[in-house]
Amino acid sequence: MPSLNMTAAHALGREEAVRRLKEKFHVVRGTYGHKVSDLSEEWRDNTLAFGFKATGMKVSGTVTVEDAEVRLDAQLPFAAVMFKGLIEREIRAELGQLLA
């Protein structure tokens, strides 16, 4: 499976960044929950393990929050490779707004 790995800097501190991400995932679940299946979200300290299926394709990964950086490591289905750049831009934009 192709991977998507990226980082986003922030100046919020770990606790505030985790709080905002948890809140955002709750909103995303409510907004897009009807478009995905097998949605899983498990926080362990400052790391989120997630997974879901969209249009039958499985996506999984982790989001790790550090004091000044958020790191996303995800496995994408082969069918999503052509959209990898778009997916990364959208995530970067969302993280930029969330962590500002």
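No lab work stands behind these numbers, since they all come straight from the coordinates. Since the model is a prediction, treat every value here as computed from it, not as a measurement. Neighbour counts are summed over all protein chains in view; Cβ atoms, including those assigned to glycine, are modelled from backbone coordinates with ideal geometry.
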Selected residue [in contact with a Lys or Arg (Cβ under 7 Å, 6 or more places away or on another chain) and outside any helix (DSSP H, G or I)] from Leu72, Leu48, Leu39: Leu39
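Take the range 12-36 and flag every residue that is part of a loop (DSSP other than H, G, I, E, B) and among the small types (Gly, Ala, Ser). Please lay out each step first, then the result.
Step one: filter the range 12-36 for residues part of a loop (DSSP other than H, G, I, E, B), giving 12-13, 33-35.
Of everything in the range 12-36, those that are part of a loop (DSSP other than H, G, I, E, B) and among the small types (Gly, Ala, Ser) turn out to be Gly13, Gly33.
Scan Ser37, Ser60 and give me the residue that is small (Gly, Ala, Ser) and either closer than 18 Å to Ile91 by Cα or out of contact with any strand residue (DSSP E or B) (no Cβ under 7 Å at 6 or more places or on another chain) (or both).
Unique residue meeting the criteria: Ser60.
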